[in-house]
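The structure appears right after this line, and notes come after that.
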Amino acid sequence: MGDKQGGEAPGRVSEVDRDNDNAREPRPRKATQLVHAGRADPRTVSSPVFHASTVLFDSYAQLREREADPNDRRYMYYGRRGTPTTVALEDAICALDDAVGAVLTPSGVASITDILSCFLRPGDHLLMTDNCYGPTRGFCQSLLAKRGIETTFYDPLIGAQIDKKIRSNTRMVFMESPGSATFEIQDIPAITAIAKRRGVLTAVDNTWATPLLFNPLEHGVDLAMQSGTKYLNGHADCLFGVTTTRDPQLYTRLRRYTLGTGSHLAPDDAHLALRGLRTLGARLPVHERGAVSVARWLEKQARVTRLLHPAWASCPGHEVFRRDFKGASGLFGFVLEVGDEAGLASFVDALTLFGLGFSWGGFESLCLPMDRERDTPSIPLKPGEALIRLHVGLEDPQDLIDDLRRGFSALDA
C-alpha cells in the first residue's frame, strides 16, 4: 500500500524487500513506527485534516485512468473513498500490524458487522466465541439469523477441540481474547491451525491487546479487527474501527464491501485517531502498571472472591496469556460480594475517580457492573456476587486505590 504519491508508506518494508534485499536497513521497531508511519504530507509532523467530498480531476484522461481502478488509493477520487488523512491512518496501522491493508469504519461494531456480513452467506454456519462483545452477540442472534446464517456460540477455552464444532458449512471462526467481560484467554494459535486445515476463515476482536501486546496476524489469523475507539485513539474523543489482513484478496473483498455499503471514516475522526496512535507505545505500559497495582490491592480484599486479570493465575486461559502475549493492558474484572443490588449501587456511587460509563481505553479510569448475557461456566457467580469491570487509566494508582477503598467502605457501612 503506497502513500498518495504511490510510493512505499513511511516506515514500511515489503516482504520481498525483507527477504531479498539484505542491504536495506532493518525494519524500524514498533515504537518508532508508531511515531513515523503514515503521514499525509512528509513535510508536516502532524498530518493535516483534508475535508473533501468533491475531488476535481486535471483532465479527461486522468478521470478515465482513475475510473479504471477505483480501489487504487494513490489518487483521491471521492471523499467517501478516502482522503490523504484516512490513507495516512491506514498506512500507520498497516505498519503496526505488518498488514497488506487496513479497512476503516466509523466504529468497532461496524468493523465486526462488516466482517460477518461480507464473508457469510445464507446457509453458512458461524462459530462465535461465547465471551464475545454484547453487540456482536446481538448481531448474530438478530440480523445474521434473519439472513439464514446459523451461529453456534462455543466455549472460549475450547482450544484445538474447536475441530469437533466445525461443520461442512462452517465458514468462519470468530474469536475475542480476552473476552470483553469475563476475560478468558483463547488459544488462538491452536484454533487457527485447525481452521486453516479445515478451510475455515478466522477473525478476531483484538481490541484489548492491540498489536503491541498480541498481533493475531503473526499467529495465522485471517482478519484482525479492533475498536480503535479504545486504545488506538486513547483519548475518549472519537469513534472508529479497523480491520487488517495479510491476504490481498481478503483485503480487496472487505474494502469493496465496506465502500459498497457507504461506510467511511470522517476526516476529523481519522485525524484524532492518528494523533492518539502516536502515543500508544507510551500509554500502554502506564495502563498495565496501574492496573497491576490496583489488581494487587483488590486481591487482598475480603469481599473480592475472584480476580479476572489475564496476568493472574485465577483468570481462565492464564497459561496461554503467558505464552502468547507481551503484556497486559488496563482493562480487567473482579467478582465482588455485594449482597444485593442496593449494595452494588452503594459501592459504585461512592467512587469519585472511577467514572461510571461504557467504552474504555482512554486516559480516564472507569468502573462498570457487567450484565450477565450468558452462562459463564468458567466464571460462576454465586447469589449476592457481582461482576465488575475496571479500566485503569493514567491516574496515579494510589489515588485509584483510595477511591476503591471509599467504595468498599460504603459497601460495608
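Quick note: the coordinates plus some simple rules give every number you see, no bench work behind them. Small disclaimer: the values here were computed from a predicted structure and weren't measured. Cβ atoms come from the backbone with ideal geometry, glycine included; neighbour counts cover every protein chain shown.
Projecting label points 7 angstrom from Cα along Cα→Cβ for residue 29 and residue 167 puts them 4.9 nm apart. Volume per residue for region 15-277 equals 150 cubic angstrom (convex hull of Cα atoms). Dividing the summed helix terms, -39500 (n - 2.57) for each DSSP H run of n ≥ 4, by the number of residues in the chain produces a 222 nm estimate of -10500 deg cm²/dmol to the nearest 500. Proximity of backbone amide H atoms, modeled 1.01 Å from N, is registered between residue 170 and 125 at under 5 Å, excluding neighbours fewer than 5 places apart on the same chain. Under 5 Å from the amide H of residue 246 lie the amide H atoms of 100, each residue being 5 or more positions distant or on a separate chain, with H modelled from the backbone and absent for Pro and chain starts. Once the Cα atoms are used to define both axes, helix 267-277 deviates from the longest principal axis of the chain by about 60 degrees. Note: region 111-168, Cα convex hull, 80 Å³ per residue.
For the chain, with only Lys/Arg (+1) and Asp/Glu (-1) charged at the beta-carbon, what is the dipole magnitude about the Cα centre, in debye rounded to 20? Could the numbers behind the result be given before it?
Working: 48 positive and 52 negative charges, 167 e Å.
Rounded to the nearest 20 debye, it is 800 debye.
The residue among 53, 270, 212 whose Cα reaches farthest toward the positive pole of the charge dipole of the chain, with charges on the beta-carbon of Lys, Arg, Asp and Glu, is 53. Placing unit charges on the Cβ atoms of the charged side chains and taking the dipole of the chain about its Cα centre, the candidate lying farthest along the positive direction among 393, 290, 156 is 156. Quick one: grab the alpha carbon gyration tensor of region 251-390, order the square roots of its eigenvalues as a ≥ b ≥ c, and give me rounded if a/c is under 1.5, else prolate or oblate depending on whether a/b is larger than b/c. Taking the square roots of the gyration eigenvalues as a ≥ b ≥ c, region 251-390 is prolate.
Here the spin labels are modelled as points 7 Å beyond Cα on the Cα-Cβ line, and at residue 370 and residue 142 they lie 2.2 nm apart.
Exposed loop sites, defined as trypsin sites (Lys or Arg not before Pro) outside DSSP H, G, I, E and B with at most 16 other Cβ atoms within 10 Å, are absent from the longest region of the chain, namely 168-299. Cross-linked pairs 164/382; 165/382; 300/326; 164/196: Cα-Cα separations exceed 22 Å for 164/382; 165/382; 300/326. For region 400-411, putting each phi into the Karplus relation 6.51 cos²θ - 1.76 cosθ + 1.60 with θ = phi - 60° gives couplings of 5, 5, 4, 5, 5, 4, 4, x, 5, 4, 5, 5 Hz, in residue order, rounded to whole numbers and with x for Gly and Pro. Across region 49-56, rounded Karplus estimates of 3J(HN,Hα) from the backbone phi angles (6.51 cos²θ - 1.76 cosθ + 1.60, θ = phi - 60°) give 8, 9, 8, 8, 10, 7, 10, 8 Hz, Gly and Pro being marked x.
Annotation: region 250-317 has a Kirkwood hydrodynamic radius of 16.0 angstrom, from the mean reciprocal C-alpha pair distance.
For residue 315, the residues whose amide H sits under 5 Å from its own are 309, ignoring neighbours fewer than 5 places away on the same chain, with H placed 1.01 Å from N.
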